[in-house]
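Colleague: Sharing a structure below in structure tokens format, with a few things to ask.
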Amino acid sequence: MLKILSSTALAAAIGIAFLSPARAEDAIKIGIDAAYKPFAYVEANGEMAGFEVDLIKAVCEEIKAKCELSNVPWDGIFTALETGTIDMIGTTVTKTAVRLEKYDASRMIYRVGFGFLVLNDADTSKGIEGLKGQPIGTIVGTQSYYDYIKGVLGEDADIRGYDTADAAVLDLDAGRIAAFQSDNIQLGQAYISTGRYKLAAEPTFDPKYVGEGRAWFYRKGSTDLVGRIDKGLDAVIASGKADELGLKYFNTKLTTE
Amino acid sequence: MIEIVAPYMSFWLEGAALTLGLSAVSFPVALLIGLAVAFATVSPSRVVSLAAAAYINIFRGLPEIIVIFVVFYGSTIVLKALAAPLGITVGGINPVLAATVALSIQFGSYAAVIFKDWMAVFPKGYTEAGLAIGMTRSRIRRRIVVPLLMRSATPALGNLFLVMLKISALASLIGVAELSRTTGIIAGSTREPLVCYLIAAVMYLAISAIAGFVQYRFEAFVERTR
């Protein structure tokens with residue numbers, strides 16, 4: 001038995017050695033959660049696609065860097081960054097003071113507003129005030145959403161966290177939550193466009209809640225990498241390529257100011 | 001609705017195959033670990049039996065998700081720390097390998113308890129008979145104890161396999177594109193979550209049915225050889 005165990009251990013060790021070849025220093029490992037159409041998703045053939053994926057490719061091409069994209073689930077994406085499994089989070093993440101304390105970030109890529117999605121037949125005459133005291137769904141672990149909901153609905157707001165927007169909207173359909181809070185781009189593109197939902201009020205763009213817009217995130221001390229990517233981002237935004245991608249995926253130019 | 005998700009079928013089946021493959025590889029390793037640990041608990045050496053008891057108590061008590069995270073991220077940190085002084089950069093271990101290791105280690109502890117309990121109820125006469133005809137301890141284990149153990153433990157081990165199939169969904173959190181993760185990706189990419197999760201449920205049931213059938217045939221085979 002010991003023989004079998006030790007040979008298994010040996011096989012595992014060899015496997016590890018083979019599976020982790022020393023990689024060239026210049027390949028930038030980028031993790032992205034491709035489960036959010038149209039930001040990032042997977043085509044029927046298994047290839048990643050979407051706004052963020054195209055933008056990353058455009059930037060890497062611009063700065064002539066070799067980029068390795070991998071599909072990392074949102075739940076583990078910051079752990080993956082901290083442990084060095086990836087060098088950059090390619091999912092665009094809201095810049096907040098708390099996050100900027102722990103991580104480095106790229107320049108602002110675009111700004112989004114926050115809104116509350118409700119069913120089309122819901123009574124929205126009182127706007128956001130009408131949602132007070134009712135259960136509100138949002139994406140679990142997204143601190144800026146929690147702060148916003150507490151800010152407008154009170155500290156004791158009944159917030160339910162979901163892993164994905166789809167799970168939250170399924171519960172909205174089922175009546176378990178009164179509204180689903182998320183960003184206006186996602187809500188507009190994915191749900192309001194179906195004609196079954198609407199916003200409870202105009203989306204908020206107050207920097208107090210939406211922060212400094214969305215950006216890519218890096219480990220602390222990645223100054224060189226941030227500089228290189230930012231240079232590429234500046235060029236891609238200035239050339240109008242970013243707007244082109246915005247029109248392609250969101251039917252709108254993005255607020256990059 | 002089906003037309004929207006249908007093009008994803010081959011991507012999806014790859015996920016289902018990975019779910020089945022993860023358990024199909026981890027389970028035999030878990031059984032080997034379980035057997036080794038079960039024998040270690042009855043070892044005359046106090047150090048060995050204490051180590052076996054510690055292994056069982058630690059891994060039976062830890063949530064699977066933590067073991068998976070520690071194996072995957074922990075090994076990356078350790079590898080990086082070891083490689084840094086040598087001046088080489090390592091990419092970290094493959095998530096599928098990490099999940100296989102984590103599942104094998106964790107389920108090894110469950111299997112060990114199943115084997116240990118069955119060993120405890122074996123009549124002493126079996127081993128005494130072996131000794132009487134001059135078999136060595138290790139030969140008694142190989143020829144008598146292990147075959148009898150496998151036979152009596154099959155129903156419990158079949159259950160354990162089904163649990164492993166479902167627990168393996170946690171591997172999705174470290175980026176293994178198994179059935180749960182591919183379903184999540186397809187749901188997010190097609191905006192048809194209900195259909196996607198229904199199809200995934202059918203796939204999980206199909207995999208369990210296959211596993212159940214294999215177990216049934218194995219039990220029937222064991223019954224015939226009695």
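Every number in this text was worked out from the coordinates using simple rules, so none of it is lab data. Bear in mind the structure is a predicted one, so any value in this text is a computation, not a measurement. For neighbour counting, all protein chains shown are included, and Cβ atoms are generated from backbone atoms with ideal geometry for every residue, glycine included.
Colleague: Take peptide B:79-85, look around each residue's Cβ out to 10 angstrom, count Cβ atoms belonging to other protein chains, and average those counts.
Modeller: 1
Colleague: If neighbour count is taken as other Cβ atoms inside 10 Å, put B:MET9, A:MET108 in order from fewest to most.
Modeller: Sorted ascending by nearby Cβ count, the order is B:MET9, A:MET108.
Colleague: Another question, if that's okay. Counting only other chains, what is the mean number of Cβ atoms within 10 angstrom of the Cβ of each residue in peptide B:188-199?
Modeller: Whole-number average of other-chain Cβ neighbours for B:188-199 is 5.
Colleague: Quick check on the protein assembly as shown: of the DSSP beta bridges with both residues there, what percent are antiparallel, nearest 5%?
Modeller: Bridges in the protein assembly as shown that DSSP calls antiparallel: roughly 60 percent.
Colleague: Count the DSSP beta bridges whose two residues both fall in chain A, then state the antiparallel fraction as a percent rounded to the nearest 5. Don't jump to the answer; show the numbers that get you there.
Modeller: Details: 20 of 33 bridges.
Expressed as a percentage, antiparallel bridges in chain A total about 60.
Colleague: Shifting gears a bit: If you find the alpha carbon centre of the stretch A:140-159 and of the stretch A:173-242, how far apart are they in angstrom?
Modeller: If you average the Cα positions of each part, the centres end up 17 Å apart.
Colleague: Using modelled backbone amide H atoms (1.01 Å from N, in-plane), which distant-in-sequence or interchain residues come within less than 5 Å of A:THR94's amide H?
Modeller: A:ALA215
Colleague: Something else about it: Could you work out the helix-only [θ] at 222 nm for the protein assembly as shown, with each DSSP H run of four or more residues adding -39,500 (n - 2.57) and the total divided by the number of residues, to the nearest 500 deg cm²/dmol?
Modeller: The per-residue figure over the protein assembly as shown is -17500 deg cm²/dmol.
Colleague: Follow-up. I need B:ILE199, A:ILE89, A:ILE63 ordered by Cβ neighbour count within 10 Å, fewest first.
Modeller: On the way: B:ILE199 21, A:ILE89 26, A:ILE63 16.
Taking fewest neighbouring Cβ atoms as first place, the list is A:ILE63, B:ILE199, A:ILE89.
Colleague: The stretch B:164-226 to the stretch A:77-105: how many Å between their Cα centroids?
Modeller: Value for the Cα centre distance between the two parts: 32 Å.
Colleague: Further, regarding this structure: Give me, ordered by chain and number, the residues 5 or more places off A:ASP163 or on other chains with an amide H under 5 Å from its own placed amide H.
Modeller: Answer set, sorted by chain and number: A:VAL140.
Colleague: Right, next: Checking understanding here: applying a Kyte-Doolittle mean of at least -0.5 and a length along the axis of at least 18 Å (C-alpha), which whole DSSP H helices in chain B pass?
Modeller: Within chain B the helices that satisfy the rule are B:9-41, B:46-61, B:95-121, B:146-167, B:193-224.
Colleague: While we're looking at this one, here's another question. Just the isolated ones, please: cysteines in the protein assembly as shown lacking another cysteine beta carbon under 4.7 angstrom.
Modeller: Result for the protein assembly as shown is B:CYS196, no neighbouring Cys Cβ within the cutoff.
Colleague: Return A:LEU153, B:LEU50, B:LEU35 ranked ascending by Cβ neighbour count within 10 Å, so the fewest neighbours appear first.
Modeller: Least to most surrounded, the residues fall as B:LEU50, A:LEU153, B:LEU35.
Colleague: List the aspartates and glutamates whose Cα sits under 17 Å from the Cα of A:LYS241, skipping any in the same chain fewer than 8 residues away.
Modeller: Filter leaves A:GLU52, A:ASP54, A:GLU61, A:GLU62, A:ASP230, A:GLU257.
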